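One structure is given below, encoded as structure tokens.
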């Protein structure tokens, strides 16, 4: 059976450290930016993420790209 994958949406997630818990472990929150063009290159997404991170007052611990795809039988 052949399956085709079709890009539907993409989003950018910046994980930021907002503090630490009582055990000293980092507390992380996610900031999601929806509406990325699925065809955007990883370099462009990363460059945009770095620009957004430079505007934040809290440190960014991870930059993620989340792609959603539709799978259909060919």
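Read-outs: derived from the displayed coordinates by stated rules, not from any lab. As the structure is a prediction and not an experimental result, all values here were calculated from the model. FYI the Cβ positions are ideal-geometry reconstructions off the backbone, even for glycines, and counts take in every protein chain you see.
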### Query
Angle between the Cα long axis of helix 42-54 and the longest principal axis of the chain, 0 to 90 degrees, nearest 10?
20
### Task
Based on other C-beta atoms within 10 Å, arrange 55, 14, 36 from fewest to most.
55, 36, 14
### Query
Rounded to the nearest 500, what is the chain's calculated 222 nm mean residue ellipticity when only DSSP H runs of at least 4 contribute -39500 (n - 2.57) each, over all residues?
-5500 deg cm²/dmol
### Query
FRET efficiency for residue 47 and residue 73, Cβ-Cβ distance as r, R0 = 35 Å, nearest 0.05?
0.45
### Query
Relative contact order, percent, of the range 3-73 when contacts are C-alpha pairs under 8 Å separated by at least 6 residues?
52
## Note on the structure
Counted neighbours (other Cβ, 10 Å), sorted fewest up, put 1, 56 in the order 1, 56
### Query
Does the range 7-74 classify as rounded, prolate or oblate by the C-alpha gyration tensor (a ≥ b ≥ c root eigenvalues; a/c under 1.5 gives rounded; else a/b over b/c gives prolate, otherwise oblate)?
oblate
